[in-house]
Structure formats: C-alpha cells, structure tokens
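Below: the structure, in structure tokens.
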C-alpha cells in the first residue's frame, strides 16, 4: 500500500467523506424528501393514507389559523430583530467605552444567553402573571390578545441582546483607533461620529446579527411553549409551534408537512434576500 | 491629535447606567432564587411577600423538586447527550472539514460535498421533525442515541463551515513534510492537523454544547416515548405536577439553570470567545 501513496491518500479521504455524507443524507436530506412526499398525502401520523395531490397546499392558503401563525411569527420576528439590534448596538457602545468593571459587566450581561429558553420562559411567565399586574394594576399581559405577543418579544429580546451585544463589541474592536483620530480632526463627534465612521465599519457585524436574529426568531418555539402555549385564542401560535402541535398530535401530519415545506421556502428566501441586500450595502459603503 | 492620545478618563455616567441596567439581567435571577427558597405560606398576597428575602433559607423545596423531576437522572442524561455529542462532533466534523478543505480546490466532488452540507443550515427543524419521528421509530433509535445522532447531523453544517474556514489558513507545508517522512494521511491528521485546530475545537465545543444542553424540541419529539428526559425537558414534563406550588417549580427551575451557571463562572472567557468566534467566522 505504501508504494502507491497518491491513490492511498485519495482513498483515505474518500473513506472519511463517504460515511459522513451518508449519515448527513440519512438524517437531513432523507427526512426533508420524506416531508416533501408526506405533504402530498392526508397522512394523520398513523394508519393508512391517500394521495391528495396539491390539496394541502391549496388549503394552506385559505386556512385562517395558518395565516395567523405566519402573521404573528413575522410580527414577532421583525419587531424583536429591530429592538434587539438597536439595544445591542447601544449596549455594545456602552460596554466598549472607557468604563469601570468592564470585564465583570460584560460577563454579567452575557448571562441570559447561556440559559435555556424554556426555563427562562417559565420564569418570565410567572413574572408577567404575578409581578407585572401588581405594578400596572391590570390583568396579565399574557392573558390579553393585544399584549401577549409583546411579552414574548420581551423574553426573546432579553436573551438575544446578550449574544448580539457581544458580536457588536467584537465588531467595534476591529475599528482602528486612527479612524477615530482622523474623525476627531474633522470634528466628528457624537451621533455624526457613530453614523459616519463607526457604523459603516461594523456593517458586516450588523449583517450577521440581522440574519441570525431573523432566522432564530422565525423559528421561535421554546418561548411560546413556556409563556402562552399559543394562547390566548391561538393568537401567539408561531409557525414551528403550530407544525409541532397539529402535526404531532393533531392528526395533521400530511397537512402540516405541507406547511413545513412552505416555511422552509420562506426561511431560505428571507435568508438569501437579507444577505444579498445587506451585502450590497456593505459594498457601497 | 495629541488630545485623543491622552488616556481617556473613566466614563462614570456610562458605568453607572450600565450598573443600573444590570437590574434587568439580575432581577429575574433574584426572583428565581428567593421564590425557590421560600415556603408557599410566605408568599403573601403582595409583591413584597413574593420578592422579600425568605425568612428561613430552606432546602426542602429542592429536595422535593429533585424527587418530583427525577433530577439526577435528567442531569445525567443531559450530561451524557451533551458530552457525547460534543466529542463526536469534534472528531467527525473536523475530519470531514479536513477532507473537504484539502480537496475542494482541485476536485469538484468535494466542492459539491461542501455546499451540500453547509446548505443544510437553512433547513429548519420544523420540516425535519415529523419525518424524523417516524424514521427514528423505524430504526428503534427513538431514544438518547437517536437524539445524539440527530445533534451530530444538525450541527454538521455550521461546524464544517467553521473547520473548513479555519483550515484554509493553515499552511499545507507541514503536512507535506510529514508525508515525505512516510506518515500516512491518517497519521498526519491525528499527529499534526488535529492538534493545530485546537482553537477551533474550543469554539465548536462551546457552540455545540450550549445548543444541545438547552435544546428542548429534539428530545421532546424524539425520546418523549422512552421515559427518559433531559434537564430542560423535565421542566416541561413535570410542569403540571408543580401545580400552583410555585416555590417547588422555581426550585426546580433553579436546579435546571445551576449546572450551566456554575460552568459559566469557570469558563466564562472560553464560552464568550467561542460564541463570538462562531458567529463572526
């Protein structure tokens, strides 16, 4: 074997690659294909099933419950993404400035990010149900259709700000000091300094954060389980939650597979569009 | 020019604002701790009753929570799942990352493998969930083993991206020298390449471990029938048994958060570094 080294090397690489790719195929691509196939059936998750062609897809577009879940998920994702990014930028600027206890503060502000979303959700559930109403003299935010989604935004933001802040801080550290010195000579201060100097330079980090945030929030699940279980009156059912709930135990395996296929296409489209759009801005700057 | 070079003064207003802002992070944790240590009788119907420090710091809630949620088993399952996933991920993902990065320049097939795996990042779990439940049941791995396999596959796109990116910057000269000395590709990998990638191993370990440790959805759908739970899943499963005994519930929440908090205290720099590295690359 040792005499034919180049072939041996290629064989070693193939022996590494093929089994791992096979594993990936079996537990990623195969279920994806199966989900796609199930989406054309009326499978309940058990028993026999028939082909229904594109009926599931046609039904999806007239299903108010599915429509609501998309509206809710997008409302949540867009609002949370904006809030998280604005607050994270402010936090990053503050934590990156000349402050006392810098590393301790950074360490403490990062804590929410390492905690499990489900348990955090349960803790906030209590907070919104028993503590907040004492202060506002109203009923619980979670019990009101108008405010339940805001509570979910708050919990999502509480955890994500930590992560995004850290990414922005590492972005701010890539800005060389000379840039600020040159800017100071031109009299750039405060807002002008941030908007004209800092922000364009940390644009790549802004892109990362926008894409990460949007993707994570569109897939929101744990927080819904812990805070509202989709209520009140199904007003806070995220897409993932609806697929889980009705697909796994509601007898809509085939129908929710169709929903999942659409959801998958939505995620891909948004991620690609976002990256294209934000990359273009990056180049221009 | 000179003015800016003078050492800036400590910005006290910002420091103070940040210290005040810490309330938003620490208050939920404070609330968890005080409620967990109290008895239901102390939770008088006012906000002061809920949020005041407990009169007696009693561990009885914790003892009960450990019994109700089968804490030690859940903890052991969580540690096993996270630990095994982490080790397998580091070995397998770095291996395939190596194979890809050393071949994708000259071979189309490896370039295809790279894009094939990395594009898996866009596949949401929601679409795989239902078919995977069927598939793991058919293969009789609707248990911890199945969950571990799924994690190894889920984190493959991200980790392959990280490893391949890192390996691009490692010069190939060392490997070639080893090859001239008669080492096989396999030996070269373990003796030279694998140790050189240790900064990336740390990043992969942190990201994979944090993700699996806190994940609920995968164990929920895959192994809920096996009678086994992980730490977060146990909180969900036993939610109904806590009833309105919030003191018991919060003791259980605190127990569920404690391992990662303790770990964070010791490995804070590594964790933050890993998370940033993973996102920025």
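The figures follow:
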item: Matching helices (runs of 4 or more DSSP H) fully within the stretch A:1-71 where at least 3 residues are under 26 Å from the mean Cα position of the chain (by Cα); result: A:30-38
item: All positions within the stretch B:43-57 that are closer than 13 Å to residue B:250 by Cβ and either in a loop (DSSP other than H, G, I, E, B) or away from every other protein chain (no Cβ under 14 Å) (or both); result: B:43, B:54
item: Only one of B:81, B:96, B:35 that is surrounded by 16 or more Cβ atoms within 10 Å (Cβ to Cβ), within 13 Å of chain A (Cβ to nearest Cβ) and under 23 Å from the mean Cα position of the chain (by Cα); result: B:96
item: Selected residue (only one of A:84, A:119 is closer than 14 Å to residue A:158 by Cβ, in contact (Cβ under 8 Å) with a residue 12 or more places away in the chain and within 11 Å of chain B (Cβ to nearest Cβ)); result: A:119
item: Some residue of the stretch B:245-252 being over 30 Å from residue B:41 (Cα atoms), surrounded by fewer than 19 Cβ atoms within 10 Å (Cβ to Cβ) and more than 10 Å from every other protein chain (Cβ to nearest Cβ); result: no
item: Counted residues, the stretch B:252-264 - those being farther than 14 Å from residue B:214 by Cα and within 15 Å of the chain's Cα centre (by Cα); result: 1
item: Which listed residue, of A:195, A:191, A:158, is under 30 Å from residue B:233 (Cα atoms) and surrounded by fewer than 22 Cβ atoms within 10 Å (Cβ to Cβ); result: A:158
item: Qualifying residue in the stretch B:129-142 (condition: within 11 Å of another protein chain (Cβ to nearest Cβ), under 26 Å from residue B:193 (Cβ atoms), out of contact with any strand residue (DSSP E or B) (no Cβ under 8 Å at 6 or more places or on another chain) and surrounded by fewer than 18 Cβ atoms within 10 Å (Cβ to Cβ)); result: no
item: Condition met for residue B:274 (buried (at least 18 other Cβ atoms within 10 Å of the Cβ), more than 9 Å from chain A (Cβ to nearest Cβ), out of contact with any strand residue (DSSP E or B) (no Cβ under 6 Å at 6 or more places or on another chain) and over 18 Å from residue B:31 (Cα atoms)); result: yes
item: Residue match in the stretch A:214-234 (condition: surrounded by fewer than 24 Cβ atoms within 10 Å (Cβ to Cβ) and farther than 22 Å from residue A:74 by Cα); result: no
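Every residue, every condition in (1) crowded, with 20+ Cβ neighbours inside 10 Å; (2) over 22 Å from the mean Cα position of the chain (by Cα); (3) closer than 19 Å to residue B:87 by Cα; (4) modelled with pLDDT of 90 or more, yes or no:
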{"residue": "B:155", "(1), (2), (3), (4)": "yes, no, yes, yes"}
{"residue": "B:160", "(1), (2), (3), (4)": "yes, no, yes, yes"}
{"residue": "B:163", "(1), (2), (3), (4)": "yes, no, yes, yes"}
{"residue": "B:181", "(1), (2), (3), (4)": "no, yes, no, no"}
{"residue": "B:211", "(1), (2), (3), (4)": "no, no, yes, yes"}
{"residue": "B:232", "(1), (2), (3), (4)": "yes, no, no, yes"}
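Results for (1) over 30 Å from residue A:259 (Cβ atoms); (2) modelled with pLDDT under 90; (3) more than 11 Å from every other protein chain (Cβ to nearest Cβ), shown as yes or no for each residue.
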{"residue": "A:203", "(1), (2), (3)": "yes, yes, yes"}
{"residue": "A:215", "(1), (2), (3)": "no, yes, no"}
{"residue": "A:221", "(1), (2), (3)": "no, no, no"}
{"residue": "A:225", "(1), (2), (3)": "no, no, no"}
{"residue": "A:230", "(1), (2), (3)": "no, yes, yes"}
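Yes/no per residue for (1) surrounded by 18 or more Cβ atoms within 10 Å (Cβ to Cβ); (2) in contact with a helix residue (DSSP H, G or I) (Cβ under 9 Å, 6 or more places away or on another chain); (3) facing chain B (nearest Cβ under 9 Å):
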residue: A:128; (1), (2), (3): yes, yes, no
residue: A:133; (1), (2), (3): no, yes, no
residue: A:142; (1), (2), (3): yes, yes, no
residue: A:151; (1), (2), (3): yes, yes, no
residue: A:163; (1), (2), (3): yes, yes, yes
residue: A:178; (1), (2), (3): no, no, no
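The values are calculated or read from the model by the stated rules, or taken from the named source; none is laboratory data. On a predicted model such as this, the values are computed, not experimentally measured, just so you know. No Cβ is skipped: glycine too gets one built from the backbone with ideal geometry, and neighbour counts run over all protein chains shown.
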